[in-house]
Amino acid sequence: MTKICVVIPAYNEATHIGAVIRGAKRFKEDVIVVIDGSTDETAEVSRQAGARVIVHAENCGAGAATMTGLSAARLLGFDAVITIDADGQHASADIPRLIEIAAAEKADLVVANRFGRKNNIPLIRRIANAAGNMVTFLVTGIYLPDTQCGFKLFGKRALGQIQLRMSGFEFCTEVIREAARYRWKISTMPTKVVYSEYTMAKGQSFASGLKTAAKILLRTFLR
Amino acid sequence: MNELQFTPYQIVVPLFCLLMVTYAWNLVFRQKKTIWEGGLWTLFWAAIAYISLFPGSLQYLSAFTGIKKNENAATITALGIVFFILFYMIIRIEELEQRLTAIIRGKALKDAGIDPVKEEPKKM
């Protein structure tokens, strides 16, 4: 039987992390939360909600926190990992479907697609995602409808091979680059997403999106 | 019949480009670059080799950019060098950041009772 855990990278998410952990625990008992240098009560709330907590002493970025979670899962003997955002924008009810798709399509990586079903997504986010998809296509040659989504499943092969080097939000593109490098089979799954003022404030701004794109291009062509 | 005559520059640069393309594809075969990146680098070095073999092709660039005088070309070259130094410094800072992140990540795993020394990506 495949051992699967949920990894949640979190930075100052004390108000939402409890609900996200409880939602994930309805489907998977093992939840790892990587506290990325939070200055609020995220760690305490996560422990109370029953998650295994790993703490970064300093804020390193979403990519570094995700990689710490993946490393932990690998070292703890899990076969697959589901990553989910800590701000509550993803529907944990989609976790079983994510696992079903991975099994049915023998996928190494399943990426949730927020644009695959009717969701109320702000225009600025749609533009930012389209730009992210284009940059990802430019550096990897792979086009996916939603490369920047944090809701993913890493299968056994992907979990064993992945090695993320980018620390910030640019890790989403690096995941696809790793998929191209190791020729993983990628599947997508339409998912529900909830955008609130909170999630909009927590996500990438236009300026940080530009910085992310510049970093990806720079790293790709000067590697 | 016109005889092809190459300057040493026209021999050395395409050979260097060939070497760089070989190096890029070597990285692809060692799975350090993707096929896509290998293709992009091949295009880049092929363009450099083409310009060295056919310097006249730069006349199109000159007409397009408006760089006609030597002084302008020198300014553009200097800007290129400055940008390269800037990129190099950014890459160095990024590398330092990565090393710092690796230390923080390792310590976090250790503090959580997970031994990061055992970790090594699997060849599959």
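Readers should treat all values here as calculations from the given coordinates under stated rules, not as data from a laboratory. Predicted model, so just to flag it, every value in this text is computed and none were measured. Here the Cβ is made from the backbone with ideal geometry for all residues, glycine too, and neighbour counts use every protein chain on show.
Aliphatic (A, V, I, L, M) and over 19 Å from residue A:155 (Cβ atoms), is that true of residue A:103? Can you show your working first?
Details: aliphatic (A, V, I, L, M): yes; over 19 Å from residue A:155 (Cβ atoms): no.
Spelling it out, it is not the case that residue A:103 is aliphatic (A, V, I, L, M) and over 19 Å from residue A:155 (Cβ atoms).
Going through segment A:109-167 one residue at a time, which ones are surrounded by fewer than 22 Cβ atoms within 10 Å (Cβ to Cβ), in contact with an Asp or Glu (Cβ under 6 Å, 6 or more places away or on another chain) and either among the basic types (Lys, Arg) or within 14 Å of chain B (Cβ to nearest Cβ) (or both)?
Residues satisfying the conditions are A:156, A:157, A:164.
Hand me the list of strands (runs of 3 or more DSSP E) wholly inside segment A:5-122 holding 2 or more residues that are out of contact with any His (no Cβ under 8 Å at 6 or more places or on another chain) and within 23 Å of residue B:113 (Cα to Cα). Please lay out each step first, then the result.
Values: elements: A:31-36, A:52-56, A:80-83, A:109-113.
In segment A:5-122, A:31-36, A:52-56, A:80-83 are the strands (runs of 3 or more DSSP E) which contain 2 or more residues that are out of contact with any His (no Cβ under 8 Å at 6 or more places or on another chain) and within 23 Å of residue B:113 (Cα to Cα).
How many residues are within 14 Å of chain B (Cβ to nearest Cβ) and within 17 Å of the chain's Cα centre (by Cα) when one looks only at segment A:185-199? Lay out the reasoning, then the answer.
Pass one, segment A:185-199, residues within 14 Å of chain B (Cβ to nearest Cβ): A:185-186.
Then keep just the ones that are within 17 Å of the chain's Cα centre (by Cα); that gives A:186.
The number of residues fulfilling the criteria is 1.
Can you name every residue in segment A:115-167 that is touching a strand residue (DSSP E or B) at 6+ places or on another chain (Cβ under 9 Å) and among the aromatic types (Phe, Trp, Tyr)?
A:115, A:151, A:154, listed by residue number.
Please verify whether residue A:35 is over 16 Å from residue A:155 (Cβ atoms) and crowded, with 21+ Cβ neighbours inside 10 Å, treating the condition exactly as stated.
It is true that residue A:35 is over 16 Å from residue A:155 (Cβ atoms) and crowded, with 21+ Cβ neighbours inside 10 Å.
Would you be able to tell me the number of residues in segment B:9-64 that are assigned to a helix (DSSP H, G or I) and of a type in the set (D, E, K, R)?
Residues in segment B:9-64 being assigned to a helix (DSSP H, G or I) and of a type in the set (D, E, K, R): 1 in total.
Could you check residue A:52 against (1) surrounded by fewer than 21 Cβ atoms within 10 Å (Cβ to Cβ); (2) under 12 Å from the mean Cα position of the chain (by Cα) and say which number it fails?
Among (1) surrounded by fewer than 21 Cβ atoms within 10 Å (Cβ to Cβ); (2) under 12 Å from the mean Cα position of the chain (by Cα), the lone unmet condition for residue A:52 is (2).
For segment A:123-163, name all the residues that are outside any helix (DSSP H, G or I), among the charged types (D, E, K, R) and either without any contact (Cβ under 8 Å) to a residue 12 or more places away in the chain or over 22 Å from residue B:31 (Cβ atoms) (or both). Steps first, answer last, please.
From segment A:123-163, those outside any helix (DSSP H, G or I) are A:141-155, A:162-163; that's our starting set.
Adding the requirement that they be among the charged types (D, E, K, R) leaves A:146, A:152.
Matches in segment A:123-163: A:146 only.
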